[in-house]
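**Student:** Sharing a structure below in structure tokens format, with a few things to ask.
The values are calculated or read from the model by the stated rules, or taken from the named source; none is laboratory data. Since the model is a prediction, treat every value here as computed from it, not as a measurement. Using ideal geometry, Cβ is built from the backbone for each residue, glycine included, and neighbour counts are taken over all protein chains shown.
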Amino acid sequence: MKHTPDDLTPLDRIARVDAPPFLLTRIRQKIDESSRTRISPTFQWVIGISAVLFLALNTVAILKVTQNTKSTPVLAQGMNVVPISLYNE
Amino acid sequence: MTTGTTEKFDDIYHAHKVLVYNLALSYVLVAEDAQEIAQDVFVSVYQGLKSFKEQSSITTWVYRITINKSLDFIKAKQRKKRFAFLTSLFHDDSNELKYDKPTFDHPGVQLENREAVERIFKCIHQLPDNQKTALLLSKIEDKTQVEIAEIMNLSAKAVESLIQRAKQNLSTKLSKSEG
């Protein structure tokens, strides 16, 4: 038997119900909990900028060390200084 | 909560609590689940109050949040059910079923009407999300196609087509469920 849209009439007999009286209390509790655990946008920006600065400074420091390591033999040659090595014969 | 925000939120809550609860009930059919969704909806409303730009009415906005939260809840519940097969279904110390929750507990449905309503809703919930939503807003919330279009951010023509397809699919499913 094919159902027509009229067979949805039982849905018309569904009563509208009130929300439970304790609902607002629970909602306020959840809001208070979420505001305590939430990190403020300002704090998030501070952490983010600090992390970027930290990475940038470390990158610059590593690059500088790398450059110094490469230029040491050239500098030594220019100054007629032989680098001391225990393994040199 | 600041005083101004609290007052505004309280007004919104009292104006929309019945709408949210009943719409959530239409989706999840269990009072306890609808309460959980309603709580999540109003927490989202509170958190979104400051950034709400009034591009739509507050009621439309609340409808959208309720629909999204309800659909997310249903998906999460389906995922949990799938995982339940991989874990023990019983509590450790007893033979009490862990996942034996009611699937139909709608306080607005009279006992004599329950079987018919339950069968219809079970078929409605097999429809795709957009057809399900359009049908529930039309049949349960008594919204016009224009109102549904605004809530779902569609054209009125698209809503008309959705409802038509929903009714056709529902009719087929109801016929199959009868046997």
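**Student:** Would you check if there is a residue in the stretch B:22-38 being within 14 Å of chain A (Cβ to nearest Cβ) and loosely packed, with under 15 Cβ neighbours inside 10 Å?
**Tutor:** yes
**Student:** While we're looking at this one, here's another question. Go through the stretch A:10-37 and give me each residue that's at the interface with chain B (Cβ under 7 Å from one of its Cβ atoms) and in a helix (DSSP H, G or I).
**Tutor:** Listed by number, the residues that qualify are A:10, A:11, A:13, A:23, A:24, A:26, A:27, A:30, A:31, A:34.
**Student:** Further, regarding this structure: Does residue B:176 qualify as being without any contact (Cβ under 8 Å) to a residue 12 or more places away in the chain, in a helix (DSSP H, G or I), over 25 Å from residue B:32 (Cα atoms) and over 15 Å from the mean Cα position of the chain (by Cα)?
**Tutor:** In short, yes.
**Student:** If we scan the stretch B:112-119, do we find a residue that is within 26 Å of residue B:61 (Cα to Cα), within 19 Å of the chain's Cα centre (by Cα) and of a type outside the set (Lys, Arg)?
**Tutor:** no
Table: residues versus (1) surrounded by 14 or more Cβ atoms within 10 Å (Cβ to Cβ); (2) under 24 Å from residue B:38 (Cβ atoms); (3) within 14 Å of another protein chain (Cβ to nearest Cβ); (4) at pLDDT 95 or above.
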| position | (1), (2), (3), (4) |
| --- | --- |
| B:76 | no, yes, no, no |
| B:93 | no, no, no, no |
| B:120 | yes, yes, yes, no |
| B:125 | yes, yes, yes, no |
| B:144 | no, no, no, yes |
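**Student:** Pull up the stretch B:140-155, narrow it to residues that are assigned to a loop (DSSP other than H, G, I, E, B) and within 22 Å of residue A:9 (Cα to Cα), then point me to the one that is farthest from the chain's Cα centre (by Cα).
**Tutor:** By that ranking, first place goes to B:144.
**Student:** Take the stretch B:44-60 and flag every residue that is part of a helix (DSSP H, G or I) and surrounded by fewer than 20 Cβ atoms within 10 Å (Cβ to Cβ).
**Tutor:** Once the filter is applied, which keeps residues that are part of a helix (DSSP H, G or I) and surrounded by fewer than 20 Cβ atoms within 10 Å (Cβ to Cβ), the stretch B:44-60 yields B:44, B:47, B:48, B:58, B:59, B:60.
**Student:** Sticking with this one: It is to be established whether one or more residues within the stretch A:19-42 are surrounded by 10 or more Cβ atoms within 10 Å (Cβ to Cβ) and over 30 Å from residue B:14 (Cβ atoms).
**Tutor:** Checking the stretch A:19-42: not a single residue is surrounded by 10 or more Cβ atoms within 10 Å (Cβ to Cβ) and over 30 Å from residue B:14 (Cβ atoms).
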